[in-house]
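No lab work stands behind these numbers, since they all come straight from the coordinates. What you are looking at is a predicted structure, and each value in this text was computed from that prediction instead of being measured. Counting neighbours? That spans all protein chains shown, and the Cβs are built from the backbone with ideal geometry, glycine included.
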Amino acid sequence: MLRATRRGRGARAADSTERGGVTLETVVVMPILLLAVWATLQGALFFHARDLAMAAAQEGVRAASAYTANNHAGATAAHRFLAGAGEGGLTNASVETRRSNAQVQVVVSGSAPALVPGLPTRVEQSAWGPVERFTTDE
């Protein structure tokens with residue numbers, strides 16, 4: 001059995017209390033959603049820059065720990081890695097190499113790209129390893 005819906009004063013009164021509800025929800029939800037997307041993108045850029053700095057430091061350690069290598073070899077290898085990784089992943093990169101008789105350490109620092117100018121995005125990663133040396137079986 002079909003019933004006719006009642007259109008009249010009662011139906012319009014119920015609809016008028018929700019007028020503009022979707023607009024208000026959109027005004028509240030959209031900035032939160034956009035902020036979450038922005039934070040996710042900024043986090044991805046930061047962690048990508050950190051990974052680049054760590055990989056460059058490890059590459060520098062591999063080069064600087066060779067038997068006949070020096071500090072310059074490690075810094076050159078780290079800079080070469082960063083140049084090959086592409087522009088923009090880690091900006092203002094600097095490489096510092098420290099070497100003792102037994103160990104070499106390479107520190108790579110720079111800035112991750114920032115979606116908002118002025119946001120602190122400083123990145124610093126270090127890697128170390130033993131220096132190769134010649135030994136005899138005596």
Over the chain: helical MRE at 222 nm, DSSP H runs n ≥ 4 each giving -39500 (n - 2.57), nearest 500: -16500 deg cm²/dmol
Built amide H within the under 5 Å cut-off of residue 103, gap 5+: 131
Interchain or long-range residues, amide H under 5 Å from residue 85's placed H: none
Where chymotrypsin sites (Phe, Trp or Tyr not before Pro) fall in DSSP loop in region 78-138, at most 12 other Cβ within 10 Å: 134
For 137, 51, order by how many other beta-carbon atoms lie within 10 Å, fewest first: 137, 51
Electrostatic dipole magnitude of the chain [Cβ: Lys, Arg +1; Asp, Glu -1; Cα centre; debye, to 20]: 1180 debye
Fewest-first ranking of 111, 100, using other Cβ atoms within 10 Å as the exposure measure: 100, 111
Kyte-Doolittle mean at least -1.0 and Cα axial length at least 18 Å: DSSP H helices in the chain: 21-64, 71-84
